[in-house]
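All remarks here apply to the structure that follows.
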Amino acid sequence: MAKAIRMQQTGGPEVMEYVDVDVGEPGPGEARVRQHAIGLNFIDVYFRTGLYPQPLPAGLGMEGAGVVEAVGAGVSEVRVGDRVAYAGRPNGAYAELRNMPTANLVKLPDAISFETGAAMMLQGLTVQYLFNGTVKLKRGDTILFHAAAGGVGLIACQWAKAIGVNMIGTVGSDEKAALARAHGCTHVINYNTENFVERVKEITNGEKVSVVYDSIGKDTFIGSLDCLRPLGMMVSFGSASGPVPDFSLAELASRGSLFITRPTLFSYASTRPALEAMAADLFEMVTSGKVKIDIHQRYKLADVAQAHRDLEARKTTGSTILVP
Ligand SMILES: NC(=O)c1ccc[n+]([C@@H]2O[C@H](COP(=O)([O-])OP(=O)(O)OC[C@H]3O[C@@H](n4cnc5c(N)ncnc54)[C@H](OP(=O)(O)O)[C@@H]3O)[C@@H](O)[C@H]2O)c1
């Protein structure tokens, strides 16, 4: 038996139950992973609340790192004893031990700890595809990136700096502003005290930005469109404040033939070659020191409810891990 989180129903943090589960042998195409650290991500909140539906009862969590204990039939990607990490389906990372499809596992370089691996796979691969796949950013580009002091945000600050991109970041407090700035964000706006649309216009001398990365959703969506120059790209990749309300395509036309996309990591990393190339890029950014993974919160797996409360209350910065 192993400890794991299970949900019988969707709802508040209290629906996550810390229980004993029988993990069993890995099936074909699976490996059993003894997890040393688990990543906490905002997508876990969407699954917990039911914003993203899944059949119940269910596990939760999409990111972890550990050691392969056993493999099922037909597995070629990993071997028993390998250090591995992953970001992906199915939910169930909140566990000491789990079976995981090996198509989603990557070998973790020796230079990267389990904790760093668990903290960076989902958020780091997200920045990788947002900056290289969704739009191929180039030196000198100016972008707006919301929630710049969060898990994805602090990685984005450093990655943008490393590739010579001017990043305007938004954050919810002055302490978070200092953090984003210290991580390489070129300009930081506190959107709780400043009008971010006006500030973006000032900072860019009225030119506005070519790409907006918006993971806030409901509260920022229209303002984000207002920050784009004609032919700009709106990347709506999350909804921490609630889903984006229905809007008219005319909103894109009136602001100058804007583009919009709603990307997910799982479609960009859906093939083995794509996942391996993206992971290699991320590992290079981390092992070269260009991107440091800041784990600012650690919770015991049994205390996951508190971790969710803090994430939803905007109390966390950088990355958060759960320790089994
Ligand atoms: N599509 C994808 O492929 C993909 C992949 C990974 C993550 N994401 C999205 O990226 C975002 C960041 O993920 P993360 O795990 O790194 O989380 P995070 O940024 O560490 O935490 C979310 C942050 O959003 C901000 N926020 C603004 N309004 C909020 C509200 N009403 N409630 C809660 N937070 C609010 C807060 O920062 P401030 O206090 O500074 O405002 C908060 O700290 C999430 O929306 C997530 O769903 C998308």
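The values are calculated or read from the model by the stated rules, or taken from the named source; none is laboratory data. Just so we're clear, the structure is a prediction, and the values are computed from it rather than from any experiment. When we count neighbours, we look across all protein chains shown, and the Cβ atoms used for this are built from the backbone with ideal geometry, even at glycine.
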Kindly indicate which of 293, 260 is farther than 30 Å from residue 195 by Cβ and either touching a strand residue (DSSP E or B) at 6+ places or on another chain (Cβ under 7 Å) or in contact (Cβ under 8 Å) with a residue 24 or more places away in the chain (or both). 293
Looking at the stretch 262-277, which of its residues are in contact with a helix residue (DSSP H, G or I) (Cβ under 8 Å, 6 or more places away or on another chain) and more than 12 Å from the ligand (Cβ to nearest atom)? 272, 274, 275
If you scan the stretch 241-261, which residues turn out to be more than 16 Å from the ligand (Cβ to nearest atom) and either among the small types (Gly, Ala, Ser) or part of a loop (DSSP other than H, G, I, E, B) (or both)? 246, 247, 248, 249, 250, 253, 254, 255, 256, 257, 258
Which ones in the stretch 267-313 are of a type in the set (Ser, Thr, Tyr) and under 27 Å from residue 216 (Cα atoms)? 267, 268, 270, 299
Checking the structure you have, find out if any residue of the stretch 266-274 is more than 30 Å from residue 85 (Cβ to Cβ), modelled with pLDDT of 95 or more and surrounded by 13 or more Cβ atoms within 10 Å (Cβ to Cβ). no
I'd like to check something: does the stretch 133-148 contain any residue that is assigned to a helix (DSSP H, G or I), within 13 Å of the ligand (Cβ to nearest atom) and within 19 Å of residue 286 (Cβ to Cβ)? yes
Any idea which of (1) surrounded by fewer than 24 Cβ atoms within 10 Å (Cβ to Cβ); (2) near the ligand (Cβ under 10 Å from one of its atoms) is the one residue 170 doesn't satisfy? (1)
Mind listing just one residue for me: the one in the stretch 97-115 that is touching a residue at least 60 places away in the same chain (Cβ under 8 Å) and in contact with a helix residue (DSSP H, G or I) (Cβ under 7 Å, 6 or more places away or on another chain) and, of those, nearest to residue 322 (Cα to Cα)? 112
Can you list residue pairs whose Cβ atoms sit under 9 Å apart, with the first residue in the stretch 308-319 being assigned by TED's automatic domain parsing to the domain that holds residue 16 and over 19 Å from residue 293 (Cβ atoms) and the second being within 7 Å of the ligand (Cβ to nearest atom) and part of a helix (DSSP H, G or I)? Count only pairs 6 or more apart in sequence or on different chains. 312/42; 314/176
Looking at residue 309, is it of a type in the set (Lys, Arg), assigned to a strand (DSSP E or B) and within 16 Å of the ligand (Cβ to nearest atom)? no
